[in-house]
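Notes to accompany the following structure.
We did not get these values from a lab; they are worked out from the coordinates using the rules stated. What you see is a predicted model; the values in this text were computed from it and never measured. Virtual Cβ from ideal backbone geometry, glycine too; neighbours counted across all protein chains shown.
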Amino acid sequence: MKTKKILSRACLIAVLLVLAVIALFPILYPLMSSFRTDQEIYKYSTVFSVNTLWPVEWTAQAYLSLFTEYHFARFFINTLIVVGTILPVSIIMCSVAAYAFTFYHFHGQKVLYTLLLLTFMVPGEAIALPLYQVISGLGMVNTFSSMILPSLANGLTLFMYCQTFKDVPDALLEAAEIDGASWLTCYARIVMPLCVPTTIAMCLMTFVNEWNNYLWPLLAARKDEVKTITVAITAFKEENVIHWNLIYSSSMLSAIVPILLFLPFQKFFVSGIAAGSVKG
Amino acid sequence: MKKALAIVLTLVLVLSVASFAAAEETTIRVLTHMANQINAIKDSFEAANPGVTVIVDQCNYEALNDQYEVLLSAKSSEYDVLVVDGPNAAAYVQRGYLAPMDDYFTAEEVAAFSAALVNQGTVNGSFYAAPLGDSCTILYYNKDLIAESGIEFNVDQYDGVNTRITWNELIDIACQVTKALDPDGSRGILFPIAFGQVSEVYMMNTLPNSLGGANISEDGLHVAGVIDTEAWYDALKFYQDNVNAGIFDRGLGAFEGYSNFYAAKIPFIVMTTDSYNYALGGGMTPENIGFTYLPAFDGHESEVATACGNWTCAINAYSSNKEAAGKFVNWITYGEGNDLFLKQESMVPNMASRFTDDLYAVNPALKIAAAESGVTSVARAVTPGFNEYCAIMNAMWEDVRNGADIEDAIADAVDQLESALAYYAE
Amino acid sequence: MTRLNARDKRSGMLPYLLLLPVLVFAVIFKLYPIFYSFVSGFQFKGAVSLRTYELMFADKTFWNSVSVTVKMNLIMTPLQIILSLIMALMVNANLKGIGVYRSVYYLPVTISMPVAAICFSMILSYNNGVANTILGSFGVPVQGFFNDKTQAMACIIALCTWKGCGYWMMFYLAGLKGIDDSLYEAATVDGAGYFAKLFHVTLPMLRRTTLFVIVADTSTNLLLFAPMKLITDGGPRSTTDVLMYEAYRQAFKYGNYSKGSAITSVLIVIILLVVLLEFRMMADRDR
């Protein structure tokens, strides 16, 4: 019995390791290439050897020039402004709406809920052209608003909060209401503190999605003053030159932020989704 | 005549004084993928035109067409001047995106541009897109690699007009060079010959063109009977055979060959004249960049065709500053702005008078462009469905390169294009 | 989903007010563009007409895209769901440092699609890709991957599965965490082995999670087009030309917004039908 257990454990670890290698390997090549010069990348690209993957002369020049020549600090800050605004507003807006859907009964409730969820299933890419007309009609082209406003109402966040709120015991709310608490007190003091894992999970998901958002910012915000990092990366593929080391280093820079954020929070992430999706 | 002139002059004076008095500043916005180059010269336009401010926005070259569709289908007046790839002009005019520029260019000014460029910018008799420059496809080789291989390769014997290398000769030499340099593949020479803009009609269509094949019907609405002809079958077969033999490049994307050529991984490559300057930026030196005229097919020396055309400047149909925009477009294409622009961005000049020794000193490859321009140069297909044409034909070239049956590939392309172009015929 | 109690009688307009911000933003930035999109499909060169649909249904390219889209989804969606379930079962194990594996598996999700596309095209490159080098050392001839009409779609599916599984795994993991341990204990007492427990306890308890994952994954995959735009351009031989990419091409490349909208509308209808069907199938099993 004991040996069987050890054996199955060893198998599990082996499979886990293999999957980890598969997950990491595709990121490795760009990571290594970001530390070399363009000429070096091409010099060792054919006739496969250890130097195809491993830099001969390590250089952080690509990273340096991103900040000195290509204003990457600016694009970082822009992205943070956009994501930093979307996060709290979106979380509050959607959780308040979920509060209304869960704790009140009103006419048209079911229709509205279904309509909202269906609406949010249509992705931004499918409606980019008319959305641009709306943004341009509102005079918001090339502003932070053009990237922030369309992302505020979020179907997944609404759905997850609705699911989580269902588990809040009714007795808690009733007791508070007998004491004369307003909806705001109930929402802010009782319901939301019970749903911290969901909030963390939704923050992380929204963050990663918005950070990686690509097509829409490309169309709506072209100017350097508002350009975000995913858009900035595309600029290194010019008509006659492809700056591979800049592409690699900027890609790695843009990936590092969501990764750093995710690692310490991954525990809450799971329990947050668990709170939202298990029970019905 | 004199009276009219006097009235006009007075009007201009009054208007300028009025605008000055009201301190009315005009701002024109330009959208382009070459913002750095235009920003570097715009001061000179602003100095010559007080009250006009030019703002240039950068858009990534790959996203530029998407951007125009989004902006102009929303009738946006945000940009006044648009930098448009030449062959797109006809499609944009068809969609109502561009304003005619006949008011901003005199007939003499238009006639000064190279004929092929005027032709691609003219729709229904009106001039819509003024050329920033031209381009030309030529054959490059790495002199160091040739010298190292010890194979004789002398291009001085070719004058372009009467004599040039043929494809068979080139293939023969390129294979010898590769074999001498890298007999066992341990050096990593990728291919003997590459096409820099592979699977792009701009460069690839020169093959069927050089056998006498046309790009599209006269009215720009049909390809049946044009691309399913002997010249096209022969050109595609020639291309595919050489890809299969490992002589022409395979697996590299458009422009990927450029960097591999600079890194001495490819001895011969077809690129454009402006690649000379990019090669210098990519680590080559004037001593090891060799170039000559684009090869011809044996027995078809007189039919040889080179690619031409380049980016143009046009005015947004929804712009509210057309007057100032027109002035700017005239300045940067016909006027002195173009001389400044050519110093920033290496292009083939848009008119014969701009080929100068100064330019040759910076880029000697332009001498070849001067010889080919107007003689062998063939403009890309002029059609309102140019984007469809490109997408479908590029896919066809790529499929043939990857081993698709040539008759099937052509039949599919004819099918798809005829059905796509039918939309414009209605 | 709603609880009836004293609150409802006194609420009056309050719930509507609480919903208002989300509603306003949804109407302006989602519902109106969707509606506009549907309407545009019924226009032809500016006039109201069914001609756009007529041309679309007569177009071979359209039907090829329909078949490519269906085929891709029939393979990719079940593959992703099964893989992410297996991954979730594994990282749910009681093992020291299992959190590290969770994070590593989730890592590809945090990489943006343009970056992921670059990574995969480098690895699967025809000339100097690592994949061809490794295969070559086993004597396998050079493969075309994204350039081969029999392999391109498989490569795209691999890319999306690599990038997508970690995401759905998290939902399954959350579902697993919610299953009461006493159920497993009872099953153990009954003498059930690992697979008996998996099929009789775990999977039935994960039904709700599965429904969510299926619906969300289907709609994501039906609308997928970024890898085609970034890598294959719909080729080779139109084998990766999915409907959404065709819609994108029509609207952004060809300036034919009506046709792009018509294709998008067809897609949205397909998604709604598939989602309804999935709901129906899961509900039937509930009974």
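Using the Karplus equation 6.51 cos²θ - 1.76 cosθ + 1.60 (θ = phi - 60°), what ³J(HN,Hα) coupling, rounded to whole Hz, does each residue of the stretch C:81-88 give in order, writing x for Gly and Pro?
5, 5, 4, 6, 5, 4, 4, 5
For the residues C:T133, C:T240, what sequence is obtained by ranking on other C-beta atoms within 10 Å, fewest first?
C:T133, C:T240
To the nearest 0.05, how large is the calculated FRET efficiency for B:E25 and B:K343 if R₀ is 30 Å and r is the Cβ-Cβ distance? Can you show the working numbers first?
Numbers: r = 28 Å, r/R0 = 0.94.
Using R0 = 30 Å, I get an efficiency of 0.60.
Would you kindly derive the ³J(HN,Hα) couplings of the stretch A:249-254 from the backbone phi angles with the Karplus curve 6.51 cos²θ - 1.76 cosθ + 1.60 (θ = phi - 60°), listing them in order in whole Hz, with x for Gly and Pro?
5, 5, 4, 5, 4, 6
Mind putting together the pair-distance distribution for the stretch B:212-287? All Cα pairs, 5 Å bins, whole percent per bin, short to long.
In order of increasing distance, the bins hold 3, 13, 17, 15, 13, 15, 12, 8, 4, 0 percent.
By average Cβ neighbour count within 10 Å, what is the ranking of B:276-283, C:189-196 from highest down?
Ranked by mean Cβ neighbours within 10 Å, highest first: B:276-283, C:189-196.
Out of C:Y172, A:H243, B:G125, whose Cα points farthest toward the positive end of the dipole of the protein assembly as shown (charges: +1 Lys, Arg; -1 Asp, Glu; placed on Cβ)?
C:Y172
Which value in deg cm²/dmol, rounded to the nearest 500, describes the helix-derived mean residue ellipticity at 222 nm for chain A, given -39,500 (n - 2.57) per DSSP H run of n ≥ 4 and division by the residue count? It would help to have the intermediate numbers written out before the result.
On the way: 14 runs with 197 residues, N = 280.
Here the helix-only value at 222 nm equals -22500 deg cm²/dmol.
Between C:T240, B:V378, A:V15, whose Cα lies farthest towards the positive end of the dipole of the protein assembly as shown when Lys and Arg beta carbons carry +1 and Asp and Glu beta carbons carry -1, centred on the Cα centre?
Going by the Cα projections, it comes out as A:V15.
Output the peptides A:226-235, C:156-165 sorted from most to least packed, where packing is the average of other Cβ atoms within 10 Å over each peptide's residues.
Going by the mean number of other Cβ atoms within 10 Å, highest first, we get A:226-235, C:156-165.
With unit charges on the beta carbons (Lys and Arg positive, Asp and Glu negative) and the dipole taken about the Cα centre of the protein assembly as shown, which residue among B:L421, B:A107, C:Y36 sits farthest to the positive side?
With unit charges placed on the Cβ atoms, the residue in question is C:Y36.
Just for the protein assembly as shown, what percent of DSSP beta bridges are antiparallel, to the closest 5?
If we restrict to bridges inside the protein assembly as shown, about 60 percent are antiparallel.
Count the net charge of all other residues whose Cβ sits under 9 Å from the Cβ of B:T166, scoring Lys and Arg as +1 and Asp and Glu as -1.
Summing Lys/Arg as +1 and Asp/Glu as -1 gives -2.
Binned at 10 Å from 0, what are the whole-percent values of the Cα-Cα distance distribution for chain B, short to long?
4, 20, 29, 25, 14, 6, 2, 0, 0
Please determine, in degrees from 0 to 90 and to the nearest 10, the orientation of helix B:35-48 with respect to the longest principal axis defined by the Cα atoms of chain B, where the helix direction is its Cα long axis.
Value to nearest ten degrees: 30.
Over the stretch A:62-277, what portion of Cα pair distances is larger than 31 Å, expressed as a whole percent?
32 percent
In peptide A:262-273, how many Cβ atoms from other protein chains are near each Cβ within 10 Å, on average? Mind showing how you got there, number by number?
Details: counts 6, 8, 1, 1, 6, 3, 0, 6, 13, 4, 2, 10.
Mean inter-chain Cβ contacts per residue within 10 Å come to 5.
Points 7 angstrom from Cα along the Cβ direction at A:I22 and B:A224: gap in nanometres?
Roughly 4.8 nm, to one decimal.
Would you pull out the residues with amide H under 5 Å of B:F195's amide H, same chain only if 5 or more places away, H placed 1.01 Å from N?
Hits under the 5 Å cutoff: B:D249, B:V270.
Is the stretch B:58-160 best put as rounded, prolate or oblate by its Cα gyration tensor, with a ≥ b ≥ c the root eigenvalues, rounded for a/c under 1.5, and otherwise prolate when a/b is larger than b/c, oblate when not?
Because a/c hits 1.5 or more and a/b fails to exceed b/c, the stretch B:58-160 counts as oblate.
Using the Karplus equation 6.51 cos²θ - 1.76 cosθ + 1.60 (θ = phi - 60°), what ³J(HN,Hα) coupling, rounded to whole Hz, does each residue of the stretch C:121-132 give in order, writing x for Gly and Pro?
6, 5, 5, 9, 4, 5, 8, 9, x, 4, 4, 5
With charges set only on the Cβ (+1 for Lys and Arg, -1 for Asp and Glu), what does the dipole of the stretch A:137-270 come to about its Cα centre, in debye to the nearest 20?
380 debye
Explain nothing, just the number: dipole magnitude of chain C about its Cα centre with +1 on each Lys and Arg Cβ and -1 on each Asp and Glu Cβ, in debye rounded to the nearest 20.
Roughly 620 debye, rounded to the nearest 20.
Go ahead and set up a Gaussian network model of chain B, Cα springs under 10 Å, then flag whichever of B:G196, B:G121, B:G253 fluctuates most.
B:G253
By the scheme Lys and Arg +1, Asp and Glu -1, what is the net charge of all other residues having a beta-carbon under 13 Å from that of C:L89?
Net of charged neighbours comes to +3.
Under the rule of at least 5 residues apart or a separate chain, name every residue whose amide H is placed under 5 Å from the amide H of B:E345.
When sequence neighbours closer than 5 places are left aside, there are no close amide H contacts.
Based on DSSP H runs of at least 4 residues, each adding -39500 (n - 2.57), what is the mean residue ellipticity at 222 nm of chain B after dividing by all its residues, to the nearest 500 deg cm²/dmol?
The per-residue figure over chain B is -13500 deg cm²/dmol.
Would you calculate, for chain C, the mean residue ellipticity at 222 nm contributed by helices, counting each DSSP H stretch of 4 or more residues as -39,500 (n - 2.57) and dividing by all residues, to the nearest 500?
-21500 deg cm²/dmol
What is the spin-label model distance, in nm, from A:V56 to A:H105 if the labels are put 7 Å beyond Cα along the C-beta direction?
7.7 nm
So if each residue of separation counts as 0.36 nm, and I subtract the Cα-Cα distance between A:S49 and A:A181, what length gain in nm does that give?
So the chain would gain 40.5 nm between A:S49 and A:A181.
Where Lys and Arg each count +1 and Asp and Glu each count -1, what net charge lies around A:V15 among other residues with Cβ under 15 Å from its Cβ?
+2
Over the residues of the stretch C:204-287, compute the C-alpha Rg and express it relative to 2.2 N^0.38 Å. It would help to have the intermediate numbers written out before the result.
Working: Rg = 16.0 Å, N = 84, 2.2 N^0.38 = 11.8 Å.
Compactness ratio reported: 1.35.
Rank the residues B:E218, B:E301 as a footprinting-exposure proxy: fewest other Cβ atoms within 10 Å of their Cβ go first.
Least crowded to most crowded, the residues run B:E218, B:E301.
Work out the mean other chain Cβ neighbour count within 10 Å for the residues of A:239-249 and drop it here as an integer.
For peptide A:239-249, the averaged partner shielding equals 5.
Report the FRET efficiency, 1/(1 + (r/R0)^6), for A:E69 and C:A47, where r is their Cβ-Cβ distance and R0 is 56 Å, rounded to 0.05.
After rounding, the FRET efficiency stands at 0.65.
For a footprinting-style exposure proxy, rank A:C186, C:C119 by other Cβ within 10 Å, fewest first.
A:C186, C:C119
If the chain between B:Q157 and B:V375 were fully stretched, how many nm would it gain, using 0.36 nm times the residue separation less the Cα-Cα distance?
76.5 nm
Could you give the dipole magnitude of the stretch A:1-124 about its Cα centre, charging the beta-carbon of Lys and Arg +1 and that of Asp and Glu -1, in debye to the nearest 20?
I would put it at about 820 debye.
Which of the peptides B:133-139, A:35-41, B:109-115 is most tightly packed, and how do the rest follow, going by the mean number of other Cβ atoms within 10 Å of each residue?
Descending mean neighbour count gives B:133-139, A:35-41, B:109-115.
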